[in-house]
């Protein structure tokens with residue numbers, strides 16, 4: 001879902017975490033669980049998918065994607081979103097960065113349904129970001145938010161557009177680990193423990209090839 005997948009969705013990527021399809025992390029005790037629900041569609045091919053269930057109301061989860069303050073808790077120390085069709089979500093893992101800087105991560109909003117769904121595609125990542133992000137233009141990331149009850153929410157992140165070949169395989173592996181990590185810090189932020197970016201930023205920056213201080 002990193003500077004989210006994404007997520008920003010999963011650009012935080014290679015910091016940690018990998019799992020096989022169907023594996024689950026987190027627990028009810030922690031207040032969240034994450035399952036790999038990826039699958040292969042006979043027409044569209046691989047769909048990389050994670051399902052998060054978290055002890056937080058749906059409006060709070062939506063705000064984590066749709067507001068600057070919400071994004072700041074998990075997507076990057078610099079974060080801004082223009083919530084509209086064609087709007088841009090912009091993030092950076094550099095505490096010293098500013099909005100509008102060339103090497104910030106930018107994801108364009110393809111479409112959204114207020115409170116329920118938002119879809120992105122990446123339009124810019126730092127120039128040294130791994131692996132072959134030239135293929136990233138083929139991907140679309142869809143975040144679906146579903147209330148379970150008044151205090152619990154299900155979030156499903158689906159990435160579609162993976163082709164075949166070594167380049168797409170490497171991209172799939174990169175996001176497989178990165179999206180898991182991203183959902184973990186999203187859940188922790190929703191539960192009142194936002195990222196300490198002063199401590200986390202060096203690793204986050206390294207994951208997208210940013211060598212700046």
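The values are calculated or read from the model by the stated rules, or taken from the named source; none is laboratory data. Since the model is a prediction, treat every value here as computed from it, not as a measurement. Please note: Cβ atoms are built from the backbone with ideal geometry, for glycine as well, and neighbour counts cover all protein chains shown.
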Fill in the blank from the handout: residue 84 vs (1) at negative phi; (2) part of a loop (DSSP other than H, G, I, E, B); (3) in contact with a helix residue (DSSP H, G or I) (Cβ under 9 Å, 6 or more places away or on another chain); (4) modelled with pLDDT of 95 or more: all pass except (3)
Problem - Count of segment 87-120 residues which are touching a strand residue (DSSP E or B) at 6+ places or on another chain (Cβ under 7 Å) and part of a strand (DSSP E or B) - result: 17
Completion exercise
Considering segment 9-32, residues that are surrounded by fewer than 16 Cβ atoms within 10 Å (Cβ to Cβ) and part of a strand (DSSP E or B), and then whichever is modelled with the highest pLDDT, we arrive at 24
Handout entry: Filter pass, residue 75 being touching a strand residue (DSSP E or B) at 6+ places or on another chain (Cβ under 6 Å) and outside any loop (DSSP other than H, G, I, E, B)
Key = no
Problem - Residues that are buried (at least 17 other Cβ atoms within 10 Å of the Cβ), farther than 24 Å from residue 55 by Cα, out of contact with any strand residue (DSSP E or B) (no Cβ under 9 Å at 6 or more places or on another chain) and at pLDDT 90 or above, drawn from segment 154-204 - result: 171
Handout entry: Subset tally (residues that are part of a loop (DSSP other than H, G, I, E, B) and surrounded by 15 or more Cβ atoms within 10 Å (Cβ to Cβ)) for segment 40-66
Key = 3
Practice task
Mind listing just one residue for me: the one in segment 88-116 that is under 21 Å from residue 60 (Cβ atoms) and over 14 Å from the mean Cα position of the chain (by Cα) and, of those, surrounded by the most Cβ atoms within 10 Å (Cβ to Cβ)?
Solution key: 112
Practice task
With respect to residue 147, determine if the residue is touching a strand residue (DSSP E or B) at 6+ places or on another chain (Cβ under 7 Å), at negative phi and outside any helix (DSSP H, G or I).
Solution key: yes
Exercise for the section: Please indicate, with yes or no, whether at least one residue in segment 121-137 is at pLDDT 95 or above, in contact with a strand residue (DSSP E or B) (Cβ under 9 Å, 6 or more places away or on another chain), loosely packed, with under 15 Cβ neighbours inside 10 Å and not in a strand (DSSP E or B). Expected result: no
